[in-house]
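The values are calculated or read from the model by the stated rules, or taken from the named source; none is laboratory data. Quick caveat, the model's predicted, so the values are computed rather than measured. Ideal geometry is used to build each Cβ from the backbone, glycine not excepted, and the neighbour counts take in all protein chains shown. Surface areas here come from the heavy atoms of the whole protein model, side chains and all, with no ligands, DNA or RNA. Shrake-Rupley method; radii C 1.70, N 1.55, O 1.52, S 1.80 Å.
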Amino acid sequence: MKKQNVFIVLLVIVMLFTLVSCRSSDDSNSASLGNDSTTEQSMAPVVENTTDKTQLVVGADYEPTNLQYYVNATDSQKIINAAIYDTLFTFDNGEIVPSLATGYEFTGEDDLDLVITLRDDVTFSNGDPLTADDVLFTMQMNLNNMATATRFAAVDIENSYAEDEHTVVLKLFNYDNCLLPYLTGEYGQILNKKYVEEVGEDEAIGQHPIGTGPYVFSEWDVGTSITLVKNETYWGDPSNQNFDSINYMFFSDDNIRALELEQGNLDIALLNTNESIGRISGMGEQGLAVSSVPLTKVGYFCMATIIEDDTFQDVNKRLAIAHALDMDAIVSTIAGETAIAATSLFPSGSLGYADHSYEYDPELAKEYLEKAGCPNGFEFTIEVANNQQMNLELAEAMQAYLGQVGITMNIEPMDFGTQFGNMLAGTQLCSILVGTCNGDPSMGLTAFAPGSGACIAENHDEEFVRLLDACRYERDPEIRLDYLAQLQTYMHDMAYAIPVYEAVYSLGYQSYVEGIEGAYIQGELGFYAARLNFARG
């Protein structure tokens, strides 16, 4: 089966995140709109709308501080790394298929040996051959980092080994439904062990990455752009390299990205606001179009229960908030075309999804406040990254609704790095986060697992842990569906997080660009290099 490389062209920021932000939302998601309201001069080279162009110019949002996928991972990092690195597996019509691997099988006692066979014709862009040691090294890197370790908790890396140069044996503590899906995304992007050890992690991964993908890191014009060029030693299908180079231009302001697209300085651009989407959608006669795709990302209002601050320890307080918010009205008003109201912590199209929305009922909210012993309400502060405009607007709307039942929610904007640091340090009380389900619904709840490092979400509730583990590790499909149903119901009843929105991502593009419509993979908006091209003739 042909390998198809994904260019995740932009996840949007807000949604999500805290990682998170919405508008995606993002990204996720979360979508980001910058705060810049003043007009900036064009930073992109003027592009002729011809059909013989050899460079793809992409309008991205926020410039990453580095390209390490496990440190403050941003949408920009993800879309760039998706062109530099290949993964062991990819998704094809919902099925996991080999990429750098040629196949896999579960063997050994209780089928807990995952044997992965690698291609023998792959080299990194510096000429080093891809080996089983590179895969083991990458897995060890994932397990060494707080942000990624829980995703691979099933892997017994100490006893895993390279059977030969192109065969990896991953010993497992237990079966994990999420393991193979994780290896199709950024955590399955294989690092060059020799290169990383020679030049150091920060340089080899963060500043000048080397991968096996169709494009090679070329130049970083700090404050402006990152340029990739065609990998001349690429092992895969040449149709994955339709361009000599890809230039990612960074614009924090969504309006400026749209303007750059209108002026012909960009071939494609992330659009985060209803204003930009509407304007570009109406410019068909000028050769512009918009593609909007729903994603498997859920933004949610998360309340910390394991940190020193005990504001949200009482489930009645959490349920009071849940029933005081009219999420349908909030999301439709704030998000418009960029998101829809979420009704579960699972995306609506995922395996086992069921509607678990909260009824908007201010009187019921007051009853829960009575049960919590605070009939006159209580006060708390939510942290929101100041570059996540949609999340800020959502928080303001929530603030108004909560005020109607006596709950005072203060909004504290701050830079994303500080917010992320507070989350890891265990001082962040609540925020809007995002969960992504690339292939399995339980993946979106990874942040809630004990040891995840996301203290705002991390949950030590024994029943929750039991249900989450059952969803991840149960092999029988029918039994697993029952566990997924129980998990959603339990999360709804305990209200550790309140579903807010499902992300819809939009890309504006020039009419001479082909391959964008319908491009959708792994829960992210993007396109295969093989499907994205400039119209010829």
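If you go through segment 455-478 and keep only what is open to solvent by 10 Å² or more (accessible area, probe 1.4 Å) and in a loop (DSSP other than H, G, I, E, B), you end up with Cys455, Glu458, His460, Asp461, Glu474, Arg475, Asp476. Could you go through segment 286-308 and let me know if any residue there is at pLDDT 90 or above, in a helix (DSSP H, G or I) and open to solvent by 20 Å² or more (accessible area, probe 1.4 Å). Yes, segment 286-308 contains at least one residue that is at pLDDT 90 or above, in a helix (DSSP H, G or I) and open to solvent by 20 Å² or more (accessible area, probe 1.4 Å). Within segment 316-338, at least one residue is within 18 Å of the chain's Cα centre (by Cα) and buried (at least 17 other Cβ atoms within 10 Å of the Cβ). Scanning segment 111-122 turns up no residue that is under 30 Å from Gly421 (Cβ atoms) and in contact with an Asp or Glu (Cβ under 9 Å, 6 or more places away or on another chain). In this structure, is Gln388 surrounded by 17 or more Cβ atoms within 10 Å (Cβ to Cβ) and more than 30 Å from Phe91 (Cβ to Cβ)? Against the criterion (surrounded by 17 or more Cβ atoms within 10 Å (Cβ to Cβ) and more than 30 Å from Phe91 (Cβ to Cβ)), Gln388 does not qualify. A single member of Thr117, Thr90 is assigned to a strand (DSSP E or B) and modelled with pLDDT of 90 or more, and it is Thr117. Restricting to segment 395-423, name every residue that is at pLDDT 95 or above, assigned to a helix (DSSP H, G or I) and under 26 Å from Asp253 (Cα atoms). Answer for segment 395-423, where residues must be at pLDDT 95 or above, assigned to a helix (DSSP H, G or I) and under 26 Å from Asp253 (Cα atoms): Ala395, Glu396, Ala397, Met398, Gln399. So, Asp461, is that one modelled with pLDDT of 85 or more and out of contact with any Ser or Thr (no Cβ under 9 Å at 6 or more places or on another chain) or not? When the stated conditions are applied, Asp461 does not pass them.
Among the residues of segment 339-376, the one identified as touching a Pro at 6+ places or on another chain (Cβ under 9 Å), assigned to a helix (DSSP H, G or I) and open to solvent by 30 Å² or more (accessible area, probe 1.4 Å) is Lys366.
Taken together, the residues in segment 114-140 that are within 20 Å of Glu163 (Cα to Cα) and either under 23 Å from the mean Cα position of the chain (by Cα) or not aliphatic (A, V, I, L, M) (or both) amount to 15.
Close contacts from segment 241-269, counting a first residue that is closer than 14 Å to Gln510 by Cβ and surrounded by fewer than 21 Cβ atoms within 10 Å (Cβ to Cβ) and a second that is modelled with pLDDT under 95 and aliphatic (A, V, I, L, M), with Cβ to Cβ under 6 Å and a gap of 6+ residues or different chains, come to Gly264/Val47; Asn265/Ala44; Asn265/Val46; Asn265/Val47. Just so you know, in segment 46-62 the residues that are modelled with pLDDT of 60 or more and of a type outside the set (D, E, K, R) include one that is surrounded by the fewest Cβ atoms within 10 Å (Cβ to Cβ), and it is Thr54. Test Val71 against the criterion of being among the aliphatic types (A, V, I, L, M), within 29 Å of Thr233 (Cβ to Cβ) and either part of a helix (DSSP H, G or I) or at pLDDT 90 or above (or both), and give yes or no. For Val71, the condition - among the aliphatic types (A, V, I, L, M), within 29 Å of Thr233 (Cβ to Cβ) and either part of a helix (DSSP H, G or I) or at pLDDT 90 or above (or both) - is not met.
So, of the residues in segment 481-511 that are open to solvent by 20 Å² or more (accessible area, probe 1.4 Å) and either more than 28 Å from Asn391 (Cα to Cα) or β-branched (Val, Ile, Thr) (or both), which turns out to be modelled with the lowest pLDDT? My answer is Val504.
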